[in-house]
Amino acid sequence: MSGMVFLVGAGPGDPGLMTRRSLELIAGADAILYDRLIPSGALDRARPDADLRYVGKQPGGHSMTQEAINELLVELGGRGLSVVRLKGGDPFVFGRGGEEALALVEAGIAFEVVPGVTSGVAAPAYAGIPVTHRDGASAVALVTGHEDPEKPDTALDWPALAGFPGTLVLYMGVGNLAAIAERLIDGGRGADEPAAVVERGTLPGQRAVGGTLADVARRADEGGIRAPAITVVGPVARLRERLAWIERRPLHGRTVVVTRARAQASGLAATLGALGARVIETPAIRIVPRPVEGDLADAVENIDRYALVCLTSPNGAALLLDALRTSGRDARALAGAMVAAIGPGTAAELERGGIVADVMPERSIAEALVASLETVPVEGRRVLVARASEARDVLPEALAGRGADVDVVAVYDTAAEPLTDDEALLVSEADYVTFTSSSTVRNFLAALDRNGSGHSLSARIVSIGPITSGAARELDLEVAVEAERHDVDGLVEALVRDAQANAE
Ligand code: SAH
């Protein structure tokens, strides 16, 4: 049986720019040979038993020659495997995909080419530069800047490129930029022709500098621009001044750490990402649901005896409803009770189960919930507080003080998540660390300590509310930002305001 080799483009770096076909093939491949410039997480959906091999080139050295890669593709394909050769951008644009395809044809191995979004078009686009434009850019040339133009045997006809009637897009040219610009000017391109360099296009750390052919190399050098970068030469480069969109996002260039449990982090991470932040997810805790037995089983079994049911976290709400379902009941079991939610996140979980909360305070803290319940008659009635095993007792104590018969039932525990060395490094370079509960503060700092990073947090600390801030201060963390509304949207709002006030 003959195998199949797929020459697949992974796009310029933003994982969202990977094609659907590339993801399908990655998920099904027996073997994946990948390069350095592939999007982070590109291999997340690979099969656990897939043979993953890094064959990329190290800057300054080659980890594997092109010939060796060709041979490996032929060998794996010849063994009947489904092989994905994954490359940055497009495989047939400066990706040596043509050479690999030729080697496969020669060996009689079937192959397929999956185009990708090429960085020469995508990086300019993310920097606000259309490579063609109705006025004045009716053609575009993709050029390698890899060769030193001073070399006598250069394969490129620089005078002809200088006269090219359209936009020049240079790949791989940061080091040679000054020499290239000089060649183009010598060839007749105007010294005042607009030019721009885009570093790490479509990635969170994207940066761009603009100028003219005469000064763009100096500006790039002063700006510390490094590979990977794309240079655009032509009048379109000036449109960046008006069309730069990503660099204007409120959190562009900021790195924000999300310490929330992974199961809940996605909403916060997505919101921050959409605002332009580079998001590092390092969950400090994991939610561990309690088995439905003992107290919890008893409360669920007799749920109709409660006059009031209080949920003090989204997890608590979701897990109580799960427990009801497991015992063969549904939302109707709560028909006779009043239901109180501590905040909008918790109310949203209840709504997912078909329950609209009767009581929800404006501020999502226990004291506010106590105040909201003041007019609810509880004396002599049974009240259920379903919550984390470790939580403050403000609410149950207040209710008991008013004569209620309160059952406090733990529906989940929080377990600490460790921090890897790589994660600790990312955290140490972050601009912001966000905390959405006191348990995330405590567990995150404990994980940093265990990691040997101690309290060397230079990031600004963002807290969801006063209780979380209090937990941080107790551990000698200075809280830079505290949300006014104690939910995720409120936290994001406060963070953005701080970032704008502290704009570089
Ligand atoms: N096949 C790839 C190009 C590979 S050559 C493609 O189609 O995009 C490698 C060069 O691509 C780098 O030196 C750089 O010039 C460019 N490049 C790749 N990713 C880039 C990115 N995210 N931002 C800017 N340039 C990038």
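The values are calculated or read from the model by the stated rules, or taken from the named source; none is laboratory data. Computed from a prediction, not measured in an experiment: that's the story for all the values here. All Cβ positions, glycine included, derive from the backbone under ideal geometry; neighbour counts span all protein chains shown. Just so you know, the surface numbers come from the protein's heavy atoms only, side chains and all, with ligands and any DNA or RNA stripped out. Shrake-Rupley method; radii C 1.70, N 1.55, O 1.52, S 1.80 Å.
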Exception for ALA237 within (1) open to solvent by 30 Å² or more (accessible area, probe 1.4 Å); (2) within 16 Å of the ligand (Cβ to nearest atom) falls at (1)
Per the filter on the range 28-41, residues closer than 21 Å to LEU72 by Cα and either under 20 Å from the mean Cα position of the chain (by Cα) or open to solvent by less than 20 Å² (accessible area, probe 1.4 Å) (or both) are ALA29, ALA31, ILE32, LEU33, ARG36, LEU37, ILE38
Exactly one of ALA357, ALA347, ALA340, ALA366 is buried (at least 18 other Cβ atoms within 10 Å of the Cβ), in contact with a Cys (Cβ under 6 Å, 6 or more places away or on another chain) and on the phi < 0 side of the Ramachandran plot, and that one is ALA340
Within the range 374-411, the count of residues that are more than 17 Å from ILE342 (Cα to Cα) and either open to solvent by 50 Å² or more (accessible area, probe 1.4 Å) or of a type in the set (Phe, Trp, Tyr) (or both) comes to 9
Of the residues in the range 6-23 that are buried (at least 19 other Cβ atoms within 10 Å of the Cβ) and away from the ligand (no atom under 12 Å from the Cβ), the one that is nearest to GLY201 (Cα to Cα) is MET18
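Restricting to the range 65-91, give me the number of residues that are in a loop (DSSP other than H, G, I, E, B) and away from the ligand (no atom under 16 Å from the Cβ).
Kept after step one, since they are in a loop (DSSP other than H, G, I, E, B), are these residues of the range 65-91: 65, 79-81, 88, 90-91.
Imposing the further condition that a residue be away from the ligand (no atom under 16 Å from the Cβ) reduces the set to 65, 79-81.
The number of residues fulfilling the criteria is 4.
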Looking at the range 288-302, is at least one residue acidic (Asp, Glu) and in a loop (DSSP other than H, G, I, E, B)? yes
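Return the total of residues in the range 268-279 being part of a helix (DSSP H, G or I) and open to solvent by 40 Å² or more (accessible area, probe 1.4 Å). Before the answer, list the steps.
Step one: filter the range 268-279 for residues part of a helix (DSSP H, G or I), giving 268-274.
Cutting the leftovers down to open to solvent by 40 Å² or more (accessible area, probe 1.4 Å) gives us 270-271, 274.
Residues that pass the stated criteria total 3.
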Looking across the range 446-469 at residues that are farther than 24 Å from ASP489 by Cα and either outside any loop (DSSP other than H, G, I, E, B) or within 20 Å of the chain's Cα centre (by Cα) (or both), the single one that is modelled with the lowest pLDDT is ARG450
Of those in the range 92-128 that are open to solvent by less than 20 Å² (accessible area, probe 1.4 Å) and either assigned to a strand (DSSP E or B) or in contact with a Lys or Arg (Cβ under 7 Å, 6 or more places away or on another chain) (or both), the residue nearest to the ligand (Cβ to nearest atom) is GLY95
For MET64, the lone unmet condition from (1) over 22 Å from ALA101 (Cβ atoms); (2) without any contact (Cβ under 8 Å) to a residue 24 or more places away in the chain is (1)
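Can you tell me which residue among VAL169, VAL174 is touching a helix residue (DSSP H, G or I) at 6+ places or on another chain (Cβ under 8 Å), in a loop (DSSP other than H, G, I, E, B) and near the ligand (Cβ under 10 Å from one of its atoms)?
Numbers: VAL169 fails: in a loop (DSSP other than H, G, I, E, B).
VAL174 is the lone residue from the list that is touching a helix residue (DSSP H, G or I) at 6+ places or on another chain (Cβ under 8 Å), in a loop (DSSP other than H, G, I, E, B) and near the ligand (Cβ under 10 Å from one of its atoms).
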Filtering the range 215-266 down to residues that are among the aliphatic types (A, V, I, L, M), in a loop (DSSP other than H, G, I, E, B) and farther than 27 Å from GLY88 by Cα yields ALA261
